[in-house]
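Just below is one structure, and these are the notes that go with it.
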Amino acid sequence: PQNVKVRFFVPEQTRAKLSVGQHVAMRCDGCADGLKARISFIAADAEFTPPVIYSVGSREKLVWMVEAVPEGATLSPGQPVDVTLP
């Protein structure tokens, strides 16, 4: 459980506003309200949009992977979550 991470992808404009150690809000079905995760990794290189992303809206062609460690939540590997950025 201590090794579970939230992984999400952001476009260039958003990546420039994020930093390691910053908190993001998150939610998932069946989880308590007000959950947070701390960014632990931001990829140095862009990649093409993954084939499956669980969020709403159109996607940029190049995105950066970000990983965050959930605080106060027990998540299962592969469980979809929604991340809200500041």
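The values are calculated or read from the model by the stated rules, or taken from the named source; none is laboratory data. The structure displayed is predicted, hence computed values, not measured ones. Methodologically, a virtual Cβ is constructed for each residue, glycine included, from the backbone with ideal geometry; neighbour enumeration extends over all protein chains shown. Keep in mind that these areas ignore ligands, DNA and RNA; they rest on the heavy atoms of the full protein, side chains included. Shrake-Rupley method; radii C 1.70, N 1.55, O 1.52, S 1.80 Å.
Which residues, taken from region 54-82, are modelled with pLDDT under 85, on the phi < 0 side of the Ramachandran plot and open to solvent by 60 Å² or more (accessible area, probe 1.4 Å)?
Going residue by residue through region 54-82, those that are modelled with pLDDT under 85 are 54-63, 72-74.
Add one more test, that the residue is on the phi < 0 side of the Ramachandran plot, and what stays is 54-56, 58-63, 73-74.
The answer is 54, 55, 56, 58, 59, 60, 61, 62, 74.
Checked against (1) polar (S, T, N, Q); (2) at pLDDT 90 or above; (3) in contact with a strand residue (DSSP E or B) (Cβ under 6 Å, 6 or more places away or on another chain), residue 49 meets all criteria but (2).
Within region 1-19, how many residues turn out to be open to solvent by 100 Å² or more (accessible area, probe 1.4 Å) and not in a helix (DSSP H, G or I)?
Number satisfying all stated conditions: 6.
For region 35-46, the criterion of being over 20 Å from residue 62 (Cα atoms) and open to solvent by 70 Å² or more (accessible area, probe 1.4 Å) is met by at least one residue.
Quick one: count up the residues across region 20-34 that are touching a Lys or Arg at 6+ places or on another chain (Cβ under 9 Å), among the hydrophobic types (A, V, I, L, M, F, W, C) and either within 11 Å of residue 71 (Cα to Cα) or open to solvent by less than 60 Å² (accessible area, probe 1.4 Å) (or both).
3
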